[in-house]
Structures are given as C-alpha cells and as structure tokens.
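See below for the structure under consideration.
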C-alpha cells in the first residue's frame, strides 16, 4: 500500500487532487457529482480520479451510474495514517 500511495499522490500529476478526494471520503461518502462540487473540479476530472483510485483499491463504490457512492476501501481505512504521513511530507516539501 505504501508504494501505491506514494505513486498515486507524489508520483503523478493529479496526485494533489487524488489526495484531496481521499481526505474528503475519509469524512463521509459522496457521489461523483457531490465530490466535483466539494473539490471544485470538473465532473469528468473527478470521474477520472475516482477510476484511478478504484483501480488501485483505494476506494470502493456502492450503487450504479450517476448515484454511485464512493467510500474508502477497508485497506485504505487501515492505512489512513500512512496516507496522512505521506501527505504531510509532500505538503512540507512545498512550504
């Protein structure tokens, strides 16, 4: 999980937005439309990040289509402290 998180957050162009989505989903589940409003990103951009996060077992969804709700996966919930550690290191680098 550590390698995947480093790659998803620090190793790719959209890492900051993916980290923001992970943080938000840690608070409560959202659908893609709600997330696009909360993170102030285009709906298609949010859908792309959700797809990447799903493919890497960071999030899971319940339901189908437009109303599907996204949650952190159980593996991500168990490793959330690791995510926070990585996110803090990245944020401190840019200060």
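The values are calculated or read from the model by the stated rules, or taken from the named source; none is laboratory data. Predicted, not measured: the structure shown is a model, and the values here were computed from it. Don't worry about glycine lacking a Cβ; one is built from the backbone with ideal geometry, like all the others, and counts go over all protein chains shown.
Residues in segment 58-86 that are free of Cβ contacts under 8 Å to residues at least 40 places away in the same chain and assigned to a strand (DSSP E or B): how many?
The qualifying residues number 4.
Please state which one of 70, 66 is more than 19 Å from residue 6 (Cβ to Cβ) and surrounded by fewer than 15 Cβ atoms within 10 Å (Cβ to Cβ).
66
Only one of 13, 89 is surrounded by fewer than 17 Cβ atoms within 10 Å (Cβ to Cβ), over 13 Å from the mean Cα position of the chain (by Cα) and part of a loop (DSSP other than H, G, I, E, B); which?
It is 13.
Using the structure shown, decide if residue 51 is surrounded by fewer than 17 Cβ atoms within 10 Å (Cβ to Cβ) and assigned to a helix (DSSP H, G or I).
Considered against the rule, which asks whether it is surrounded by fewer than 17 Cβ atoms within 10 Å (Cβ to Cβ) and assigned to a helix (DSSP H, G or I), residue 51 comes out as yes.
Working carefully through the options 82, 25, 72, 53, find the one that is modelled with pLDDT of 95 or more and over 10 Å from the mean Cα position of the chain (by Cα). Step through it out loud before you land on a result.
Numbers: 25 fails: over 10 Å from the mean Cα position of the chain (by Cα); 72 fails: over 10 Å from the mean Cα position of the chain (by Cα); 53 fails: over 10 Å from the mean Cα position of the chain (by Cα).
Being modelled with pLDDT of 95 or more and over 10 Å from the mean Cα position of the chain (by Cα) holds for just one of 82, 25, 72, 53, which is 82.
For segment 23-57, which positions are touching a strand residue (DSSP E or B) at 6+ places or on another chain (Cβ under 7 Å), touching a residue at least 40 places away in the same chain (Cβ under 8 Å) and within 22 Å of residue 2 (Cβ to Cβ)?
Selection gives 25, 26, 53.
May I ask you to list the residues in segment 56-69 that are within 10 Å of the chain's Cα centre (by Cα) and within 14 Å of residue 14 (Cβ to Cβ)?
58
Please state which of the following conditions residue 25 fails to meet, knowing it meets all the rest: (1) touching a helix residue (DSSP H, G or I) at 6+ places or on another chain (Cβ under 6 Å); (2) surrounded by 15 or more Cβ atoms within 10 Å (Cβ to Cβ).
Failing condition for residue 25: (1).
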